[in-house]
1. Which ranges mark the strands (runs of 3 or more DSSP E) fully within the range 213-270 that have 2 or more residues being more than 30 Å from residue 42 (Cα to Cα) and in contact (Cβ under 8 Å) with a residue 60 or more places away in the chain?
2. Here is a list: 124, 80, 116, 109. Which entry is buried (at least 18 other Cβ atoms within 10 Å of the Cβ) and within 28 Å of residue 179 (Cβ to Cβ)?
3. Please determine whether any residue of the range 57-65 is touching a helix residue (DSSP H, G or I) at 6+ places or on another chain (Cβ under 8 Å) and crowded, with 23+ Cβ neighbours inside 10 Å.
4. For the range 283-326, give me every one of the strands (runs of 3 or more DSSP E) that falls completely inside it and has 3 or more residues that are assigned by TED's automatic domain parsing to the domain that holds residue 232 and at positive phi.
5. Take the residues in the range 167-201 that are surrounded by fewer than 18 Cβ atoms within 10 Å (Cβ to Cβ) and touching a helix residue (DSSP H, G or I) at 6+ places or on another chain (Cβ under 8 Å), then tell me which one is farthest from residue 293 (Cα to Cα).
6. Any idea which residue in the range 290-305 is modelled with the highest pLDDT, counting only those that are surrounded by fewer than 20 Cβ atoms within 10 Å (Cβ to Cβ) and within 20 Å of residue 42 (Cα to Cα)?
7. Across the range 1-25, which residue is surrounded by the most Cβ atoms within 10 Å (Cβ to Cβ) among those that are in contact with a strand residue (DSSP E or B) (Cβ under 9 Å, 6 or more places away or on another chain) and part of a loop (DSSP other than H, G, I, E, B)?
């Protein structure tokens with residue numbers, strides 16, 4: 001069962017109500033929380049799935065069995081990762097419960113909203129599920145999402161008049177409150193470059209090259225990327241045209257991807273095990289390119305776990321746990 005509705009329509013309240021009704025009938029439900037901006041199961045920027053075996057008052061009481069890191073509180077720049085996580089966690093919920101209830105974000109209008117919601121339906125169909133779509137609407141504002149579905153697959157409900165709107169600023173404060181709870185006890189952990197793999201970035205995916213003595217001291221790190229991708233160059237400040245042409249000539253390449261060192265600072269990441277399961281979220285303090293070390297703050301409870309992969313997002317969080325902007329996906 002997947003629930004569609006605009007923001008502030010009571011989707012999570014309805015999810016909780018359905019869960020408790022199913023439990024009363026001796027069924028074991030799972031819930032997939034897809035609202036990366038206002039997460040109840042897991043922190044913002046993630047999808048979370050939970051198998052629920054006892055009644056709940058609020059979804060915030062529920063601990064996720066699995067998380068998937070989308071990389072930001074909005075899926076707008078992370079469509080593919082969002083849909084990969086959706087598929088993975090739906091499959092887990094189906095395999096481990098009698099019925100899965102999917103609580104979706106309120107993005108239902110415009111190009112992006114239509115694409116994501118329609119893609120979710122296509123994926124449920126591809127997974128072979130016998131699904132129903134619940135529409136929570138004030139009039140008919142989300143019916144465009146189900147025009148191709150048989151009528152017996154669609155349940156239409158009217159939004160309660162008791163639902164109150166939440167402003168964008170209130171939503172931001174709520175996200176930061178949840179992040180502060182998640183990151184309440186931070187410890188700094190250090191990774192050597194040779195001991196870790198990186199995901200969703202160019203960094204550490206190429207072959208490190210020696211920085212030649214004639215190269216500007218502005219340059220901190222050089223990798224040779226695959227095929228015609230050229231060089232990946234990290235510098236203190238952006239390379240000027242003269243420095244770019246000099247590096248191209250010395251290394252015999254036509255393309256350079258230039259990243260400045262400080263762009264890594266405060267980027268939120270997921271730390272994964274070797275099977276790509278999320279162990280923890282973290283915040284990069286800094287990367288020491290000279291000594292080949294990465295420093296990341298993570299919740300104390302997740303220390304000493306088998307971390308093998310750093311998966312980069314685009315959201316930045318300051319160390320006092322406030323949203324601090326974004327890096328463009330794919331820029332690192």
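The values are calculated or read from the model by the stated rules, or taken from the named source; none is laboratory data. All values derive from a computational prediction rather than experimental measurement. Here Cβ is always computed from backbone atoms with ideal geometry, including for glycine, and neighbour counts include all displayed protein chains.
1. Working: elements: 219-224, 231-235, 256-260.
Qualifying strands (runs of 3 or more DSSP E): 219-224.
2. Working: 124 fails: within 28 Å of residue 179 (Cβ to Cβ); 80 fails: buried (at least 18 other Cβ atoms within 10 Å of the Cβ); 109 fails: buried (at least 18 other Cβ atoms within 10 Å of the Cβ).
None of the other options fit; the residue is 116.
3. So the first thing to find is which residues in the range 57-65 are touching a helix residue (DSSP H, G or I) at 6+ places or on another chain (Cβ under 8 Å), and the list is 57-59, 65.
Then drop every residue that is not crowded, with 23+ Cβ neighbours inside 10 Å, which leaves none.
For the range 57-65, residues touching a helix residue (DSSP H, G or I) at 6+ places or on another chain (Cβ under 8 Å) and crowded, with 23+ Cβ neighbours inside 10 Å: absent.
4. Working: elements: 293-299, 309-317, 323-326.
So the answer is none; nothing clears 3.
5. The selected residue is 185.
6. Kept after step one, since they are surrounded by fewer than 20 Cβ atoms within 10 Å (Cβ to Cβ), are these residues of the range 290-305: 290-293, 295, 297, 299-305.
After this cut, where a residue has to be within 20 Å of residue 42 (Cα to Cα) as well, the list is 297, 299-303, 305.
On the way: 297: 97, 299: 94, 300: 93, 301: 89, 302: 88, 303: 84, 305: 83.
Selected residue: 297.
7. 9
Conditions (1) surrounded by fewer than 19 Cβ atoms within 10 Å (Cβ to Cβ); (2) within 25 Å of the chain's Cα centre (by Cα); (3) closer than 30 Å to residue 82 by Cβ, marked per residue:
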residue: 238; (1), (2), (3): yes, no, no
residue: 242; (1), (2), (3): yes, no, no
residue: 266; (1), (2), (3): no, yes, yes
residue: 280; (1), (2), (3): no, yes, yes
residue: 288; (1), (2), (3): yes, no, no
residue: 308; (1), (2), (3): yes, yes, yes
